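Asks: One structure, pasted below without further comment.
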Amino acid sequence: MKIKEIIATLEKFAAPELQEDYDNAGLITGESGWECTGALCTLDVTVETLREAIDNNCNLVIAHHPIVFKGLKRINGNSYVERVIIEAIKNDIAIYAAHTNLDNVILGVNAMIAKRLGLKSITILQPKKKMLRRLITFAPVDKAEDVRNAVFAAGAGQIGKYSECSFNSDGTGTFKAEEGADPYVGEIGERHRERETKIEIVYPFYLEEQVVKALIDNHPYEEVAYDIFTMENVHFGIGAGIIGELEEPADEKDFLKLVKEQFRADGLRHTEMLGKPIKTVAVCGGAGSFLIRKAAQKGSDMYITADVKYHEFFDAEGKLVLVDIGHYESEQFTIDLLYDLLAEKFPTFAVLKTKVNTNPVKYFA
Ligand SMILES: [Zn+2]
């Protein structure tokens, strides 16, 4: 199996186009055309995890955090990032990162956190706008089904848990083929009237190329008429953080105890308890201070995230209990997510989870 086949599986789940502007997710070292000998899943790439990959005959390391993030001007081994890159290249190891694109899909990093906490009815805390586009096209009535099928097969027409969604209305199209044209119906130089179906279908923006290609390739006309609109709607499956409900309201202290256990945290930093039961919980793996107000606005009793700075704790404003469980702690189950995605799709292929704890933060207790 080629590395690109593994990447395709990961990117079908979390499209690289969904990463934030500042991010550097994707293939960082190695070539997608290499034959893959085995894949090792990890949160961070360190020299130790590279060593582990080599010892286990894996030439692909799949990480959540991109080892090259800000760009490198020299690669002389002065920093751990440079040393990892040197080691990876010397040993023909490909490094692939699924970072904010994996944060931004509803079944990604945050769903793993929500699952650990037993949250039900999860939705995205801050869904993104302008993720969806609408395609409008016109096909002869008897060819409309072929066109719809082709566009559906390219991934269009998915709305939440429904697929093959479209709206269709019949009407009359007109056109006059000019000299040199090769019309599917009608005569050169004469205005033709054709019964057509207007087909409207939505799709996420990153599928545009394949959707338009499917349309053109499967439409009978020489010149295919179509319109594309960017929609203002939010996409409920794409965005930051997750909010959900506990099956039974929990006592604040009991719930914090559960959080500490589930995430194997050596310590939790949190704002003052509010003396009320916890029912609605928001979560965001990694640095999630930017969602504190959103979590409060949406009625969360507790917001669980990481990398909260001193002044940001004040932003809880007594509206919720803000809990910092640690960056590594919050995202550690992303390793299982990456592993499960591949193990399910390629049951006989060598996929491993790292045994190295890459958390650089230690607690002195
Ligand atoms: Zn992170």
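A short reminder: the numbers here are calculations on the coordinates, not readings from a lab. Note that the structure is a prediction, hence the values are computed from the model and not measured. Every residue, glycine as well, gets a Cβ built from its backbone with ideal geometry; the counts of neighbours run over all protein chains shown.
Asks: Which percent, to the nearest 5, of DSSP beta bridges fully inside the chain are antiparallel?
Replies: Rounded to the nearest five, the antiparallel share is 70 percent.
Asks: So which trypsin sites (Lys or Arg not before Pro) in segment 274-312 pass both tests, a DSSP loop state and at most 13 other Cβ atoms within 10 Å of the Cβ?
Replies: For trypsin sites (Lys or Arg not before Pro) across segment 274-312 that sit outside H, G, I, E and B with at most 13 neighbouring Cβ atoms in 10 Å, the list reads K309.
Asks: Right, another one. Which of rounded, prolate or oblate describes segment 5-96 when judged by the alpha-carbon gyration tensor and an a/c cut-off of 1.5?
Replies: Note, shape of segment 5-96 comes out oblate.
Asks: Let me ask you something else. Amide H to amide H, which residues 5 or more places from L352 or on other chains are under 5 Å from it, using H placed in the peptide plane?
Replies: Answer set, sorted by chain and number: A39, L40, C41.
Asks: Starting from segment 5-92, pick out the trypsin sites (Lys or Arg not before Pro) whose DSSP state is loop and whose Cβ has at most 16 other Cβ atoms within 10 Å.
Replies: Those that pass, being in a loop and sparsely packed, are K70, K73, R74.
Asks: Within segment 21-45, list the residues whose amide N lies under 17 Å from a label point set 7 Å along Cα→Cβ of D92.
Replies: 29-40
Asks: Please list, in order along segment 271-287, the HN-Hα scalar couplings obtained from phi with the Karplus expression 6.51 cos²θ - 1.76 cosθ + 1.60 (θ = phi - 60°), rounded to whole Hz, x for Gly and Pro.
Replies: Going residue by residue, I get 7, 4, 5, 9, x, 9, x, 9, 10, 9, 10, 9, 9, 8, x, x, 6 Hz, with x marking Gly and Pro.
Asks: Separate question: Neighbouring Cβ atoms within 10 Å as the yardstick, rank S289, S32 fewest first.
Replies: Placing the least packed residue first, the sequence is S32, S289.
Asks: Could you line up R134, R264 from fewest to most neighbouring Cβ atoms inside 10 Å?
Replies: By the 10 Å Cβ count, ascending, the order reads R264, R134.
Asks: Note down the nm distance, to one decimal, between modelled labels 7 Å out along Cα→Cβ at A181 and at V224.
Replies: 1.8
Asks: While we're looking at this one, here's another question. Report, in deg cm²/dmol and to the nearest 500, the calculated mean residue ellipticity at 222 nm for the chain, where each DSSP H run with n ≥ 4 adds -39500 (n - 2.57) and the sum is divided by the residue count.
Replies: -8000 deg cm²/dmol
Asks: Positive end of the dipole of the chain, charges at C-beta (+1 Lys, Arg; -1 Asp, Glu), about the Cα centre: which of I304, L207, F346 has its Cα farthest in that direction?
Replies: After comparing all options, I get I304.
Asks: Please report the spacing between the Cα centers of segment 122-163 and segment 1-61 in Å, no decimals.
Replies: 30
Asks: Quick one: how many lysine pairs in segment 105-183 have C-alpha atoms under 22 angstrom apart, if they're 8 or more apart or on different chains?
Replies: 7
Asks: Using Cα positions and a limit of under 12 Å, work out the aspartates and glutamates in reach of K73, with same-chain residues fewer than 8 apart set aside.
Replies: Within the straight-line limit of under 12 Å, K73 reaches these aspartates and glutamates: E82.
Asks: Treating only the Cβ atoms of Lys and Arg (+1) and Asp and Glu (-1) as charged, compute the dipole magnitude of segment 263-338 about its Cα centre; round to the nearest 20 debye.
Replies: The dipole of segment 263-338 has a size of about 340 debye.
Asks: List the residues whose amide H sits under 5 Å from the amide H of V105, counting only those 5 or more places along or on another chain, with H placed 1.01 Å from N in the peptide plane.
Replies: Sorted by chain and number, the residues that satisfy this are G239.
Asks: Just tell me the longest site-free run in the chain, where the sites are chymotrypsin sites (Phe, Trp or Tyr not before Pro) in a DSSP loop having at most 10 other beta-carbon atoms within 10 Å.
Replies: After excluding every exposed loop site, the longest remaining stretch is 23-362.
Asks: Sort E331, E11 by Cβ crowding within 10 Å, fewest neighbours at the top.
Replies: E11, E331
Asks: When a/c is below 1.5 the answer is rounded, else prolate if a/b is larger than b/c, else oblate, so apply that to segment 60-216 with a ≥ b ≥ c taken from the square roots of the Cα gyration tensor eigenvalues.
Replies: oblate
Asks: Separate question: Checking the a/c ratio against 1.5 first, then a/b against b/c, what shape does the Cα gyration tensor give for the chain?
Replies: In terms of gyration-tensor shape, oblate.
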